[in-house]
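Here is the structure we will look at, set down as structure tokens.
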Amino acid sequence: MSRAFLVVMDSVGIGGAPDADRYFNGTTPDTGANTVAHIAQACADGRAEEGRSGPLHLPNLDALGLGAATRLASGAEVPGLETDPTGLWGCARERSPGKDTPSGHWELAGLPVPWDWHYFPDTKPAFPAELSRAAAEAAGTEWILGNCHAPGTAIIEALGAEHMRTGWPICYTSADSVFQIAAHEVSFGLDRLLEMCRTLAPQLHEMKVGRVIARPFAGSAEEGFTRTTNRKDFAILPPAPVLTNWAQDAGRRVHAVGKIGDIFSMQGIDTLRKGADAELMTHLSELVDEAEEGSLTFANFVEFDSLYGHRRDISGYARALEWFDREIGAILQKLRPGDLMLLTADHGNDPSWTGTDHTREQVPVLIAGQGTGQIGRIKFADVAASIAHHLNIPAQGPGRSFL
């Protein structure tokens, strides 16, 4: 039996979403956002020289078709990514409303989101009083801090000292359908933070808020605060079976790497490996060596998005892409005959764009181990249908296999 490896490069969009004018960063529509093309253009122009230099160098991803997929999606020039593809390649458009993690991952797994997510207004306060009261009660505190839209690193820098002094949790949101809670791992306590999120999650999921996210941090006002790797997402359950369920129901082993366990609330997942992206790459490499015949491995690499996209750090994003390219190149060499590895993304997060939020973009679909050619423009749900076809398991949902 063949194996399948589905790898999500979180936020590595390639522009061109036809409905980008309906999605915004502040008051600016996402029309024209293009994560890969704008990074490549900045590198070629010498505007991404921090910790790296010169044109964007992604020989492995480009050989699979990244440059070609970007041109197909948006018509944009992609300096440095001009290789004739040796993989199977195309681009995908999302049907689901939203430009967030659950929307993209659910649809890649075969389930377009069947409802509109609830988003909190960009006002202060952002949350209704009854929700703020419930959060304070769950924390056992008098009230909460934050209560606004904010980047996660900025809000702990601004409110970390007050949080440690008062003990009040820092609650904030973004343009995504999220309720995030930041708290100090020592002074507040990691277990207490996780229990607070667990208590609030049912109320927020009933509101169709996609995720309650625990955002633990460490440090001090004097030395500075940093987020730890103990983040945990309490995500709303998918309302129907997805690719992981299809595989498990067919008797196949399903391995999750990174955020996948949280995104799907461990539905249809046998094993979970977590950590920073460097650790996740080691986990993925080990699974290529060890995963059973007929198994599915589903991985997410989040640091493109969390460390560089939201912070609008073009050099950092370029460094992360080049690191990923080097690492994935070694892993591709280890694939067995008959294996499929599909590299894609869940949305964009153009670091050259205004604001700090995701951007509504098409995503690359790059397939190793299945020959050479263009699959054209497909739908997100076609990814799940194609992997199911490769694994010879029954598929559900609206997707069609391109294999």
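Amide H to amide H, with H built 1.01 Å from N, Leu88 comes under 5 Å of Ile367, Gln370, Gly373, counting only residues 5 or more places away or on other chains. Among Glu142, Glu107, a tally of other beta-carbon atoms within 10 Å of each Cβ gives an order, fewest to most, of Glu142, Glu107.
Evaluating 6.51 cos²θ - 1.76 cosθ + 1.60 at θ = phi - 60° for every residue in segment 316-328, the Karplus couplings come out as x, 5, 4, 4, 5, 5, 5, 4, 4, 4, 4, 5, 5 Hz, glycine and proline recorded as x. For the chain, the mean residue ellipticity at 222 nm estimated from helices alone is -10000 deg cm²/dmol, where every DSSP H run of n ≥ 4 contributes -39500 (n - 2.57) and the total is divided by all residues, rounded to the nearest 500. The Cα center of segment 1-62 and the Cα center of segment 351-382 differ in position by 9 Å. The string of couplings for segment 169-181 from the Karplus curve (6.51, -1.76, 1.60, θ = phi - 60°) is x, 9, 10, 8, 9, 8, 6, 7, 7, 9, 10, 10, 10 Hz, one whole number per residue in order, with x for Gly and Pro. Averaging the sequence gap over all C-alpha pairs within less than 8 Å and six or more residues apart, then dividing by the number of residues, gives segment 82-234 a relative contact order of 19 percent. Considering Cα pairs under 8 angstrom that are at least six residues apart, work out the relative contact order of the chain and quote it in whole percent. Contact order relative to length: 30 percent.
Magnitude of the charge dipole for the chain, about its Cα centre and with charges confined to Cβ atoms of Lys, Arg (+1) and Asp, Glu (-1), is about 600 debye.
The Kirkwood radius of segment 157-260, taken over pairs of alpha-carbon atoms, gives through the Stokes-Einstein law at 4 °C and 1.567 mPa s a diffusion coefficient of 84 µm² s⁻¹.
Among Leu61, Leu280, Leu66, a tally of other beta-carbon atoms within 10 Å of each Cβ gives an order, fewest to most, of Leu280, Leu61, Leu66. Rounded to the nearest 10 degrees, the inclination of helix 380-391 to the longest alpha-carbon principal axis of the chain is 60 degrees.
Short-range pairs are left out: with C-alpha atoms under 8 Å and at least six residues apart, the relative contact order of segment 204-278 is 25 percent.
Panel order for Tyr119, Tyr317, by other beta carbons found within 10 Å of each beta carbon, from fewest to most: Tyr119, Tyr317.
Computed from Cα atoms, the angle from the helix 129-139 axis to the main principal axis of the chain rounds to 90 degrees.
Extent along the principal axes, Cα only, for segment 76-136: 57, 29, 18 Å, with the longest axis given first.
Quick note: the coordinates plus some simple rules give every number you see, no bench work behind them. Because the structure is predicted, anything quoted here is derived from the model rather than measured. FYI the Cβ positions are ideal-geometry reconstructions off the backbone, even for glycines, and counts take in every protein chain you see.
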